[in-house]
1. Could you pull out the residue among His274, His250, His243 that is open to solvent by 70 Å² or more (accessible area, probe 1.4 Å), without any contact (Cβ under 8 Å) to a residue 24 or more places away in the chain and of a type outside the set (Gly, Ala, Ser)?
2. Could you grab the pairs with beta carbons closer than 7 Å, sequence gap of 6+ or different chains, first residue in region 175-198 and in contact (Cβ under 8 Å) with a residue 12 or more places away in the chain, second one open to solvent by 50 Å² or more (accessible area, probe 1.4 Å) and hydrophobic (A, V, I, L, M, F, W, C)?
3. Would you check if there is a residue in region 298-321 being in contact with a helix residue (DSSP H, G or I) (Cβ under 9 Å, 6 or more places away or on another chain) and without any contact (Cβ under 8 Å) to a residue 12 or more places away in the chain?
4. Can you work out which of the residues in region 119-144 that are in a helix (DSSP H, G or I) and surrounded by fewer than 16 Cβ atoms within 10 Å (Cβ to Cβ) is modelled with the lowest pLDDT?
5. Please find, within region 113-150, the residue that is farthest from Gln88 (Cα to Cα) out of those that are without any contact (Cβ under 8 Å) to a residue 24 or more places away in the chain and over 24 Å from the mean Cα position of the chain (by Cα).
6. Conditions: (1) of a type in the set (S, T, N, Q); (2) open to solvent by 50 Å² or more (accessible area, probe 1.4 Å); (3) at pLDDT below 95. Asn115 meets all but one. Number of the miss?
7. Across region 145-162, what is the total count of residues that are open to solvent by 10 Å² or more (accessible area, probe 1.4 Å) and assigned to a helix (DSSP H, G or I)?
8. Tell me, please, whether a residue that is of a type outside the set (D, E, K, R), free of Cβ contacts under 8 Å to residues at least 24 places away in the same chain, open to solvent by 30 Å² or more (accessible area, probe 1.4 Å) and under 26 Å from Ser169 (Cα atoms) can be found in region 229-239.
Amino acid sequence: KTLVDKVSTSRIRWKTYLQFASHFGKAGLSQDALDALDRATPKGVIASQRGPELEATICHILRGVMQSPGGYHDVGEISSRILRRGVQFTTRNYNMIIWNACDAGDYATALRILNTMKQRGPEPNIYTYRILLHPRRADNRPVEVIQEGVNYAKAASSPEIASLVVQTSWQYMDNLSSSFGYHFTRLFNIYREFFDLRFLEKLEILNSGNELQKLMPSRTVLCLMLMVYIRSKRNRNPEHIWHLYTNLKHLTKAGDPVIAPMVESHHVWAMFLHEFIRHPETLNWCLTLLKDMLTPLPSSATHHTAQRPIRIPPPAPIIWQLLISAFMRHRQPEAARKVLDMMISRNVEPEDAHWDSMLRGYAKAQDLDRVAETLRIVERGGFRVSTETTGMLSRIRQKERLMTYL
């Protein structure tokens, strides 16, 4: 800022001022960026230039304004000031304004700009729809945004936008108070508009019939469809989910080009584990799943796109945590301890949550000796005990012995 003031009376090329404006924009200093843009004289030079430098500078200014609290409310004024210089916004510049509107939850403005682009130009591109459909937390995205994505995905045969449509549709449905069976039916109808059904048929989720071949689904979309389907069957016979799991394993070992890469995601293992830990009679399936994660796959399990073996990820801390909590919840503390020992033997350091689950389970079982042993480990390791576990300790019946241990 000091430098640009000192050189303001010198003869500097307009591109140098663009560099000042660009850096101020990136830093969220919108007013300084606009002042530097105004100094790119003589008058009219900016309007006659439409190169990538000017386009990038305007993008930095429009996007950088969001760094300030309440900065979104200044986007309209900043845009007007730039346009008064005779600049014509490009698709990329409009994308920045749409991005700001979506981040602020102002989808009405985002849709209005999109319609203006379609009617007057410049034409929206794949990045426009990627911004509109990008998953956001606590989203209030209206269904009209999803429909715009559907229209573009059909017209452009874009698997990327079609995938985002499915993901955004699920996010929209998940906010509705309906059953998972209803959700899966609706999501499946959206899925079948774009993607080949043969892969869901391989998993024995449905029968594709005589459907025409369509777009190849991404791993993310297949995992999402699998998750919603599993949840929709949650209250039925758990044997059905076990059959689905064994079928997935078989397809993976056979090296199915689309199904096999799914097991490289932690989410797939976690979604099955969440189902297996729900009932005492299915806990043995949890141990089978853990063994499958730790056992190398045969050479036939290859990633056809990357031309390499399929890599099952090592169990994440959440996997160990789910197992320990499940065994403790179903009153099998010895099995929980074996899982913890197995975890340590594989050089995975237990975290707060793991010891917390052990402590909570022992307290629930009124096993004071194990409570004391675990408390010593927690104290020596500097681990934290949750409020819930502290409350569980207060319900131990042998208060005097507990106080002696403490």
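1. Values: His274 fails: without any contact (Cβ under 8 Å) to a residue 24 or more places away in the chain; His243 fails: without any contact (Cβ under 8 Å) to a residue 24 or more places away in the chain.
Step by step, each of His274, His250, His243 is checked, and only His250 is open to solvent by 70 Å² or more (accessible area, probe 1.4 Å), without any contact (Cβ under 8 Å) to a residue 24 or more places away in the chain and of a type outside the set (Gly, Ala, Ser).
2. Every condition considered, the pairs that remain are Asp196/Met216.
3. Yes, region 298-321 contains a residue that is in contact with a helix residue (DSSP H, G or I) (Cβ under 9 Å, 6 or more places away or on another chain) and without any contact (Cβ under 8 Å) to a residue 12 or more places away in the chain.
4. Of the residues in region 119-144, the ones in a helix (DSSP H, G or I) are 119-120, 126-133, 143-144.
Next, only the ones that are surrounded by fewer than 16 Cβ atoms within 10 Å (Cβ to Cβ) stay: 119-120, 126-127, 143-144.
On the way: Gln119: 94, Arg120: 93, Ile126: 96, Tyr127: 97, Val143: 89, Glu144: 93.
Restricting to residues being in a helix (DSSP H, G or I) and surrounded by fewer than 16 Cβ atoms within 10 Å (Cβ to Cβ), the top hit is Val143.
5. Filtering region 113-150 for residues without any contact (Cβ under 8 Å) to a residue 24 or more places away in the chain gives 113, 115-116, 118-121, 137-138, 147, 149.
Restricting the remaining residues to those that are over 24 Å from the mean Cα position of the chain (by Cα) gives 113, 115-116, 118-121.
On the way: Ile113: 14, Asn115: 17, Thr116: 14, Lys118: 16, Gln119: 15, Arg120: 12, Gly121: 10 Å.
So the residue we want is Asn115.
6. Tallying (1) of a type in the set (S, T, N, Q); (2) open to solvent by 50 Å² or more (accessible area, probe 1.4 Å); (3) at pLDDT below 95, Asn115 fails exactly one: (3).
7. Of the residues in region 145-162, 11 are open to solvent by 10 Å² or more (accessible area, probe 1.4 Å) and assigned to a helix (DSSP H, G or I).
8. The initial filter retains those residues of region 229-239 that are of a type outside the set (D, E, K, R), namely 229-230, 232, 235, 237-238.
Filter again for free of Cβ contacts under 8 Å to residues at least 24 places away in the same chain, leaving 235, 237.
With the extra rule that they be open to solvent by 30 Å² or more (accessible area, probe 1.4 Å), the set shrinks to 235, 237.
From what is left, the residues that are under 26 Å from Ser169 (Cα atoms) are 235.
There is at least one residue in region 229-239 that is of a type outside the set (D, E, K, R), free of Cβ contacts under 8 Å to residues at least 24 places away in the same chain, open to solvent by 30 Å² or more (accessible area, probe 1.4 Å) and under 26 Å from Ser169 (Cα atoms).
The values are calculated or read from the model by the stated rules, or taken from the named source; none is laboratory data. Values in this document were obtained by computation on a predicted structure and should not be read as measured data. Note that each Cβ is placed from the backbone with ideal geometry, even for glycine, and that neighbours are counted across all protein chains shown. Surface areas here come from the heavy atoms of the whole protein model, side chains and all, with no ligands, DNA or RNA. Shrake-Rupley method; radii C 1.70, N 1.55, O 1.52, S 1.80 Å.
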